Amino acid sequence: MTLTSKGPLPSEPYDVTVVGAGVVGSAIARELAAHHRLRVALVEASGDVGDGTSKANTAILHTGFDAVPGSLEARLVREGQRLLAAYAADSGIPVEPVGALLVAWDDEQLAALPGLLDKARGNAYTAARIIDADEVWAREPHLGPGALGALDVPGESIICPWTTTLAYATQAVRGGVHLHLNCRVKKGNWVEYPAGGCRELATSRGVLRTRYLINAAGLHTDDLDQQLLGEGKFAVTPRRGQLIVFDKLARDLVRHILLPVPTALGKGVLVAPTVYGNVLLGPTAEELDDKTGTGTTADGLDTLRAKGRRILPALLDEEVTTVYAGLRAATEHDDYQIHASPDERWITVGGIRSTGLTASMAIAAYVVDLLADAAGPELDLTHAGDLDPVRMPNLGEAFPRPYQRADLIATDPAYGTIVCHCERVTRGEIRDALISTVPPGSLDGLRRRTRARGGRCQGFYCGAAVRELFDGWGESGAAR
């Protein structure tokens with residue numbers, strides 16, 4: 001297995017290089033890993049997988065009921081939901097099928113529900129139905145006053161986005177993909193060699209050579225197309241979504257994902273439980289010019305509080321655990337932007353918005369099909385082998401955690417030693433993460449793998465102990 005985070009890169013050309021180790025890039029790398037004869041690299045500008053857009057979303061496994069019928073997004077979300085639900089069950093990614101209610105708060109929104117029901121049916125989702133106000137209140141007794149009805153979408157689920165990306169990357173690396181972190185691609189040229197041409201990429205860690213490139217760089221997909229191809233079919237406009245995370249004591253206030261009637265800017269502000277036992281309020285939808293603008297603002301959070309007070313008034317009386325913001329890779333188009341440039345030996349995977357988590361496995365299969373068509377007999381992509389199954393640590397509250405499992409503690413007392421008491425994370429879980437196939441390079445990365453320092457104290461009490469464990473295991477995989 002090959003994972004590097006510093007030093008020069010291998011000089012031998014790769015057959016395929018995937019740029020961007022978010023949820024989509026990691027899924028593509030995993031898909032390619034099943035073609036065992038290929039030499040594949042996954043390169044990421046930051047020091048961890050899933051460290052950009054993929055780490056800060058609303059963590060919903062969508063049905064695709066409200067996608068534009070006939071669009072590529074609608075097709076891939078529908079296929080991806082089925083694939084990811086099955087993969088999550090096999091690999092231990094926590095998923096809770098809580099369902100969603102699309103709540104109408106005025107006559108105009110109520111009149112829009114039949115159209116949304118028709119759209120759901122147009123997307124081959126037939127389980128949705130319109131319910132009246134009495135049923136809405138019965139199912140969500142803490143809802144604010146004024147709800148007139150809702151579209152019931154029982155297939156919507158909540159999922160752990162962090163574990164999903166990590167599972168893909170882990171399986172890819174174990175399947176032979178080389179993962180190179182802290183490796184930002186800056187520019188590249190096509191170079192002819194006696195044994196065949198390849199693209200030489202200048203990266204922050206030196207030259208990387210590849211015969212084919214898949215650009216899944218998220219917010220920077222358009223920049224990479226412009227820099228290396230000299231043209232692009234779209235422009236990415238970052239759309240910031242700020243969110244508030246409420247304490248676990250608020251969890252009993254909400255049973256479903258509560259969605260508003262969507263607008264042109266997105267699905268609007270929602271209230272949703274998380275698989276970690278918290279409650280989310282958000283996101284905002286702010287068009288920015290800055291692709292690094294992931295800070296929260298007082299105005300943004302005030303807007304969320306005002307909308308949240310109408311949806312679920314009691315939620316605003318609960319304590320806030322944290323706030324955060326993520327950027328979505330919106331473009332001027334209403335659909336995913338996935339294009340093949342066979343002459344350039346290049347696939348662009350852009351415009352993947354908030355549904356990208358759900359669609360990730362279907363996007364990966366679609367991209368590999370495009371690559372097979374573009375490469376023809378030059379790359380043998382006709383037969384995929386099997387990958388060894390992966391089993392991820394459980395971060396969800398709906399399933400037994402290590403501290404609750406007497407059998408696990410009996411075999412290893414480290415699972416009975418709690419380090420982070422807010423999230424009940426044990427020394428054994430932290431150790432496992434630090435010596436895993438794709439270990440964290442930072443405390444934030446460790447939090448995404450274990451939930452340590454992610455609770456109400458945000459590391460105030462456990463921070464020093466977690467830091468000591470992180471420093472102790474380090475890169476060697478052995479505690480000092």
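Miscellaneous remarks
- Filter result (open to solvent by 30 Å² or more (accessible area, probe 1.4 Å) and free of Cβ contacts under 8 Å to residues at least 24 places away in the same chain) within the stretch 459-470: F460, A464, E468
- Residues that are assigned to a strand (DSSP E or B) and over 27 Å from S354 (Cβ atoms) within the stretch 24-44 comprise V40, A41, listed in sequence order.
- Extreme residue, least open to solvent (accessible area, probe 1.4 Å), among residues of the stretch 112-127 that are hydrophobic (A, V, I, L, M, F, W, C) and modelled with pLDDT under 95: A112
- L143 being over 25 Å from Q81 (Cβ atoms), at pLDDT 95 or above and of a type in the set (A, V, I, L, M, F, W, C): yes
- Scanning the stretch 67-103 for residues that are surrounded by fewer than 24 Cβ atoms within 10 Å (Cβ to Cβ) and at pLDDT below 95 turns up V68, P69, G70.
- Index of the failed condition, A21 passing every other in (1) part of a loop (DSSP other than H, G, I, E, B); (2) touching a Leu at 6+ places or on another chain (Cβ under 7 Å); (3) farther than 30 Å from P273 by Cβ: (3)
- Taking the stretch 87-139 as the range and being in contact (Cβ under 8 Å) with a residue 12 or more places away in the chain, over 30 Å from D386 (Cβ atoms) and among the aromatic types (F, W, Y) as the test, the residues that pass are W105, Y125.
- Pairing residues of the stretch 285-300 that are over 23 Å from T221 (Cβ atoms) with residues that are among the polar types (S, T, N, Q) and surrounded by 10 or more Cβ atoms within 10 Å (Cβ to Cβ), at Cβ distances under 8 Å and at least 6 apart in sequence or on separate chains, gives T296/Q242; T297/Q242; G300/Q242; G300/T284.
- Count of the stretch 260-283 residues which are over 15 Å from I60 (Cα atoms) and either at pLDDT 95 or above or in contact with an Asp or Glu (Cβ under 9 Å, 6 or more places away or on another chain) (or both): 3
- Qualifying residue in the stretch 251-270 (condition: open to solvent by 30 Å² or more (accessible area, probe 1.4 Å), assigned to a helix (DSSP H, G or I) and under 29 Å from M392 (Cα atoms)): yes
- Number of the condition not met by P342 [criteria: (1) in contact (Cβ under 8 Å) with a residue 60 or more places away in the chain; (2) open to solvent by 10 Å² or more (accessible area, probe 1.4 Å); (3) touching a Gly at 6+ places or on another chain (Cβ under 9 Å)]: (1)
- The stretch 1-17, residues that are within 25 Å of I435 (Cα to Cα), within 26 Å of the chain's Cα centre (by Cα) and not polar (S, T, N, Q): M1, L3, K6
- Among (1) open to solvent by 60 Å² or more (accessible area, probe 1.4 Å); (2) modelled with pLDDT under 95, the one test that G385 misses: (1)
- Filter result for the condition that a residue is without any contact (Cβ under 8 Å) to a residue 60 or more places away in the chain and either aromatic (F, W, Y) or in a loop (DSSP other than H, G, I, E, B) (or both), over G7, G47, G70: G70
- Pick from the stretch 128-153, criterion open to solvent by 40 Å² or more (accessible area, probe 1.4 Å) and in a helix (DSSP H, G or I), ranking: farthest from A272 (Cα to Cα): D134
- Residue within the stretch 345-361 that is modelled with pLDDT of 95 or more, in a helix (DSSP H, G or I) and farther than 17 Å from G20 by Cα present: yes
- The condition of being under 26 Å from the mean Cα position of the chain (by Cα) and either of a type in the set (A, V, I, L, M) or open to solvent by less than 40 Å² (accessible area, probe 1.4 Å) (or both) holds for A359.
- Number of the condition not met by A375 [criteria: (1) at pLDDT below 95; (2) small (G, A, S); (3) under 30 Å from F246 (Cβ atoms)]: (3)
- Hits in the stretch 174-200 - residues which are open to solvent by less than 30 Å² (accessible area, probe 1.4 Å) and touching a helix residue (DSSP H, G or I) at 6+ places or on another chain (Cβ under 9 Å): G175, V177, L179, V185, G188, R199
- One residue stands out in the stretch 402-458 among those that are outside any strand (DSSP E or B), touching a residue at least 12 places away in the same chain (Cβ under 8 Å) and polar (S, T, N, Q): the one that is least open to solvent (accessible area, probe 1.4 Å), namely T450.
- Residue count, the stretch 201-242 (criterion: over 20 Å from the mean Cα position of the chain (by Cα), open to solvent by less than 50 Å² (accessible area, probe 1.4 Å) and of a type in the set (D, E)): 1
- Scope the stretch 202-237; condition aliphatic (A, V, I, L, M) and part of a strand (DSSP E or B); matching residues: A202, V207, L208, L213, I214
- Restricting V275, V323, V245 to residues that are among the aliphatic types (A, V, I, L, M) and not in a strand (DSSP E or B) narrows the list to V275.
The values are calculated or read from the model by the stated rules, or taken from the named source; none is laboratory data. All figures in this text were calculated on a predicted structure; none of them were measured in a lab. Positions of Cβ are generated from backbone atoms using ideal geometry, with glycine treated the same way; all protein chains shown enter the neighbour counts. What goes into the accessible areas is simple: the full protein's heavy atoms, side chains included, and nothing from ligands, DNA or RNA. Shrake-Rupley method; radii C 1.70, N 1.55, O 1.52, S 1.80 Å.
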